[in-house]
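Written out below as structure tokens is the structure these notes cover.
Derivation of every value follows stated rules applied to the coordinates shown; laboratory data play no part. None of the values given here were measured: they were computed from a predicted structure. Neighbour counts run over all protein chains shown; Cβ positions are idealised from the backbone, glycine included.
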Amino acid sequence: MATGYVYHELYGWHDTGTHAGLLPADPRRGLQPHRHFENAEAKRRVHELVVVSGLIDRLTRLRPRPASDEEILRVHTAAHLARLASGSDAGDGGSPFGPGGLDIARLAAGGVIAAAESVVDGEVDNAYALVRPPGHHALPDTGMGFCLLANIAIAVAAVRATRGVRRVAVVDIDVHHGNGTQAVFAADPDVLTVSVHQERVFPPDSGHRTERGEGAGFGSAVNVPLPPGTGNGGYAAAMARVVVPALERFAPDLVIVAAGYDAGATDPLARMMVTASGFRAIASSLIEAAGRLCAGRIVFAHEGGYDPVYVPFCAHAVIEALAGVTDPLPDPFSPNFDFLAGQDLQPHQEEAIAAAEALLADIP
Ligand SMILES: Cc1nn(C)c(C)c1/N=N/c1ccc(/C=C/C(=O)NO)cc1
Ligand SMILES: [Zn+2]
């Protein structure tokens, strides 16, 4: 089992400066300066745990490269690219970046491209792209939600253009709706986008079950909004009853996962309860499905997740699953979080999942 791994120190140099965590600092509103929630720490510490634990020795290091203008313009407008070349915010006022921000964003998108190409070319069996800045909220004409370029959408477009890959499934397990990827491919019946997220957190009023794609692409978008407080049992049920069956119906040539960890039990930007063992189970269900459906071709691209202490354990568990590790690193927080009341599937969560099962019938 060869698992590709992309990381570059430049990802840690993407400078989101000081905000008040999420919003621009403003003393007139009582918003005291604090580092932006989307800062380097959580992702840099994932890499450091991968190195210190020795997992790095079981991985095949892949080198990222900057996504070219041609590759970016398959998804984005020239105006958006120009904004990133000269501006200091991706477009929504909450996604700041410092000098050279576009160069690092190119390297993030290029890191996902490199991972996808290596998997499709058979150089590795599967891959993890630990990239920053994230991408799944970025739209063709603007960035948003800390995302500058639509990393995964750019990678999907690249392997379809250069490697003849036809059907790609993107599964978004970040706790926020994968609106960007969904929008890029809404009319495309050969790209399935499935997003499992906390209902209506971000983007506001986005990610409803009723968002299903459009035109020839109707049915190719599947949204599974879940209630706040959903934990390991709710996510396992969503995977087993909606996500994996959707993949089986769609029969992809390649699976790409938008791997965010902000559904984690300690994340500041959502209210879910998933733990490292829960993320391992989520990943394992997707890896197993890819093994049955597309020779194991699966790529995980890092997205959100903001607790610098716990995200490393959650992402490490996912990378171990990709590498087929049978002696996983124990989660020191397990006694606290794996046994929280409500970790098992709750009736109101079951209702949300059952409602999403109805969407499977129209998958193209
Ligand atoms: C509150 C509030 N007020 N306003 C004006 C805005 C714009 C607010 N929230 N913005 C948010 C909230 C959450 C995210 C998460 C991103 C992520 O992790 N994606 O995976 C991004 C922006
Ligand atoms: Zn997120």
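So what is Rg over Rh here for region 82-173, counting just Cα atoms and using Kirkwood for Rh? Can you show the working numbers first?
Details: Rg = 13.7 Å, Rh = 13.7 Å.
My calculation of the ratio gives 1.00.
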>> Residue by residue through region 209-216, what is 3J(HN,Hα) from phi via Karplus (6.51 cos²θ - 1.76 cosθ + 1.60, θ = phi - 60°)? Round to whole Hz and write x for glycine and proline.
In response: 4, 6, 7, 10, x, 9, x, 5
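Quick one: order TYR11, TYR261 by neighbouring beta-carbon count within 10 Å, fewest to most.
Working: TYR11 23, TYR261 30.
So the ranking, lowest neighbour count to highest, is TYR11, TYR261.
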>> Once you place label points 7 Å from the Cα toward the Cβ at ASP92 and VAL52, how far apart are they in nm?
In response: 3.2 nm
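Taking the Cβ of each residue in CYS294, CYS147, CYS314 as the centre, tally the other Cβ atoms inside 10 Å and list the residues starting with the fewest. Before the final figure, lay out the partial values.
Working: CYS294 20, CYS147 27, CYS314 32.
By the 10 Å Cβ count, ascending, the order reads CYS294, CYS147, CYS314.
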>> For VAL131, what residues show an amide H to amide H distance below 5 Å, using hydrogens built from the backbone and excluding near sequence neighbours?
In response: HIS302
> Taking the alpha-carbon centroid of each part, what is the distance from region 283-334 to region 119-154 in angstrom?
Replying inline: 17 Å
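With 10 angstrom as the radius, rank PHE337, PHE146 by how many other C-beta atoms surround their C-beta, starting from the fewest. Numbers along the way, then the final one.
Working: PHE337 22, PHE146 31.
Result, fewest neighbours first: PHE337, PHE146.
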> Quick one: what does P(r) look like for region 167-236 with 5 Å bins over all Cα pairs, in whole %?
Replying inline: 4, 20, 30, 22, 15, 7, 2, 0
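Divide by every residue of the chain the summed helix terms, -39500 (n - 2.57) for each DSSP H run of at least 4, and state the resulting mean residue ellipticity at 222 nm, rounded to the nearest 500 deg cm²/dmol.
Values: 12 runs with 125 residues, N = 364.
Dividing the helical sum by the residues of the chain leaves -10000 deg cm²/dmol.
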> Given a Förster radius of 22 Å and the C-beta distance between ASP362 and HIS208 as r, what FRET efficiency does 1/(1 + (r/R0)^6) yield to the nearest 0.05?
Replying inline: 0.90
> Dividing the convex hull volume of the Cα atoms of the chain by its residue count, what figure in Å³ per residue is obtained?
Replying inline: 124 Å³
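Cα convex hull of region 258-364: mean projected area in nm², to one decimal?
Values: hull surface 32.5 nm².
For the Cα atoms of region 258-364, the hull's average projected area reads 8.1 nm².
Using 0.36 nm per residue of separation minus the Cα-Cα distance, give me the extension gain between ARG166 and ALA341 in nm, one decimal. All intermediate terms of the calculation are to be shown ahead of the outcome.
On the way: separation 175, 0.36 × 175 = 63.00 nm, distance 4.36 nm.
So the extension gain works out to 58.6 nm.
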> Simple spin-label model, 7 Å along Cα-to-Cβ: LEU81 to ASP15 in nm?
Replying inline: 2.5 nm
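Per residue, how big is the convex hull of region 29-142 when only Cα atoms are used? Give it in Å³.
Values: hull volume 14.3 nm³, N = 114.
Per-residue hull volume (Cα only) is 125 Å³.
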> So for region 206-338, taking the charge dipole from beta-carbon charges (+1 Lys/Arg, -1 Asp/Glu), which of LEU293, ALA323, GLY233 sits furthest toward the positive end?
Replying inline: LEU293
> What residues from region 244-263 fall in the zone where the backbone N is under 12 Å from a label point 7 Å along the Cα-to-C-beta line of GLU288?
Replying inline: 244-245
